[in-house]
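Here's the structure we're looking at; comments come further down.
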Amino acid sequence: MQIHQLSVTYQAEQDRVLLRVNSTGGDEMRLWLTRRLMLGLWPLLTKLQTDQVLKMEAAGTELERADEELRRMLAEFRKEELLQRADFQTPYEDKPNLPLGAEPLLVTDVDASPLPNGRLRLGFNERAAVSGGAKPRGFQVELDPKLTQGLMYLLDQALANAQWREGFAGTVVPPLEGETADAADARPRYLN
């Protein structure tokens, strides 16, 4: 699949991130990304993205022996450079052909692997029980460093909009009227 455009938006009513990928061939893939999935995926994608950007450098294997601060600074510089060349102004075009169906794929796991050619392969899978005996859905894409950086930028914006980066640790549960602070601490807490 040759990627034409990416769109990442937080859908508050679903409390999910909707990732849409359209191809030059007129196909559109729609995916739901949950907070639970992103908690594990975000650190992995960040590491793979950094490795992908550093492999573009002429110094190549010399960078593997460089100190972590130098690697981090160089990676950040290259990521910013890639973002400067990205097009975030062109509106996303809905595509009529939906090979995975109109209902977005609920991603339960992602297979991520760097390829020898410098691209990153991502396989999105829906392994949850599917009603009606239908087979699990999924698809794969390959991203060059520029597309990877664009995807990470869009995901970062969606995570900020979703407020998923703000942890639940340290959240104070206010006591109910007439309740002591100790009783409020003992009360069960629900996240959703």
Collect the residues in the range 17-59 that are without any contact (Cβ under 8 Å) to a residue 24 or more places away in the chain and farther than 28 Å from Phe77 by Cα, keeping them in residue-number order. Thr24, Arg36
Restricting to the range 76-91, name every residue that is modelled with pLDDT of 75 or more and surrounded by 12 or more Cβ atoms within 10 Å (Cβ to Cβ). Glu76, Arg78, Glu81, Ala86
Out of Leu63, Leu41, Leu45, Leu54, sole residue that is at pLDDT below 75 and assigned to a helix (DSSP H, G or I): Leu63
Here are some residues: Val130, Val173. Which one is more than 17 Å from Leu37 (Cβ to Cβ), at pLDDT below 75 and in contact with a helix residue (DSSP H, G or I) (Cβ under 6 Å, 6 or more places away or on another chain)? Val173
Can you name the number of the only condition in (1) modelled with pLDDT of 95 or more; (2) surrounded by fewer than 16 Cβ atoms within 10 Å (Cβ to Cβ); (3) under 26 Å from Asn117 (Cβ atoms) that Leu31 fails? (2)
Looking only at the range 105-122, count how many residues are assigned to a loop (DSSP other than H, G, I, E, B) and within 12 Å of Phe139 (Cβ to Cβ). 1
Is it true that some residue in the range 133-146 is touching a helix residue (DSSP H, G or I) at 6+ places or on another chain (Cβ under 9 Å), assigned to a helix (DSSP H, G or I) and modelled with pLDDT under 90? yes
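The values are calculated or read from the model by the stated rules, or taken from the named source; none is laboratory data. Since this is a predicted model, take the numbers as computed values, not measurements. When we count neighbours, we look across all protein chains shown, and the Cβ atoms used for this are built from the backbone with ideal geometry, even at glycine.
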